[in-house]
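The values are calculated or read from the model by the stated rules, or taken from the named source; none is laboratory data. None of the values given here were measured: they were computed from a predicted structure. Cβ sites come from the backbone with ideal geometry, for glycine too, and all protein chains shown count toward neighbours. Each accessible area value is taken on the protein alone, full model and side chains, heavy atoms only, with ligands, DNA and RNA left out. Shrake-Rupley method; radii C 1.70, N 1.55, O 1.52, S 1.80 Å.
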Amino acid sequence: MAAVVPAAGAGVRLGAGVPKAFIEIDGTSMLVRAVAGLLDSGVVDDVVAVVPAARVRETESLLAPLRADGHLVVVTTGGAERTDSVRNGLAALESTAPAGDAGYDVLLVHDAARCLAPAGPTRRVVETVRAGAGAVVPVLPVVDTVKEVDDDGVVIGTPDRSALRAVQTPQGFDPALLLAAYDAAGDVATDDAGLVERLGEPVVTVEGHALSFKITTADDRMLAEFRLNPPPPRPEEPHD
Ligand code: CTP
Ligand code: MG
């Protein structure tokens, strides 16, 4: 089992002035947390971290301790869009390790930005691919009503919320299907399963987790810090 971890984004919306995956949450970078979380799930053997070109050497040393226990941890350079970064990661995996039918039986793609993702969804995704699904995504119900709008922001529709799901990572794939989806991909997609859908292949959902949220804004970063380091309970207010 191998995972590609795209971590080459600039983190514009977080606005910290450094690539987002290298921001520390409670003293450990998001990238190290994301990769360690996958390896700690017990179902991931090898990882490809995809990072900005200027961060490759730093990443090699950040991830070196995770190579213990025989895990293959490859570092490669990302591209302009997430799709380019994942494609680079898949290429690095193919050139350094056997992918496809003869090698890994499952490939995962997991955002470094979802660095608190627990093991549960990862295991569910992998089990479901191993049970025969070609593509599997962890999801949560959508809590807000979602509107579709036109270019002027005028509402043109309200999809039935009960049929909507918010999609997380890690997403899991039959390796041959994921490679075919990336081969066929003309333009960018916001998630990897979207490329599989374009091939007309089914994508199965499993239950995600609240802690698998994506750290996108400064508020998300504060929430992540809080979840790792909740403040001590306040002393009881004195009663009369
Ligand atoms: N990513 C990547 N290569 C890119 C763009 C994004 O590897 N060219 C990665 C990010 O590092 C992140 C994941 O894809 O782990 C999800 O992307 P997002 O949350 O949008 O991160 P950024 O692109 O860094 O953030 P922003 O869009 O605010 O700049
Ligand atoms: Mg982005």
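A few notes on this one:
- Counting the residues of the stretch 17-46 that are hydroxyl-bearing (Ser, Thr, Tyr) and within 11 Å of Ala112 (Cα to Cα) gives 1.
- Long-range neighbours under 6 Å by Cβ, at least six apart or interchain, first residue among the acidic types (Asp, Glu) within the stretch 179-203, second open to solvent by less than 20 Å² (accessible area, probe 1.4 Å) and outside any loop (DSSP other than H, G, I, E, B): Asp192/Val109; Asp192/Gln171
- Every listed requirement among (1) over 22 Å from Arg123 (Cα atoms); (2) touching a strand residue (DSSP E or B) at 6+ places or on another chain (Cβ under 8 Å) is met by Val44 save one, (1).
- Residue tally, condition assigned to a loop (DSSP other than H, G, I, E, B) and within 14 Å of the chain's Cα centre (by Cα), over the stretch 121-176: 3
- Matching residues, the stretch 47-63, being of a type outside the set (Asp, Glu) and touching a strand residue (DSSP E or B) at 6+ places or on another chain (Cβ under 8 Å): Val47, Val48, Ala49, Val50, Val51, Pro52, Ala53, Val56, Thr59, Leu62, Leu63
- Pairs with Cβ under 6 Å, 6+ apart, first in the stretch 6-18 and within 15 Å of Arg33 (Cβ to Cβ) and touching a residue at least 40 places away in the same chain (Cβ under 8 Å), second part of a loop (DSSP other than H, G, I, E, B) and within 6 Å of ligand 1 (Cβ to nearest atom): Ala7/Ala112
- Helices (runs of 4 or more DSSP H) contained in the stretch 1-117 and holding at least 3 residues open to solvent by less than 20 Å² (accessible area, probe 1.4 Å) and not charged (D, E, K, R): 30-40, 82-96
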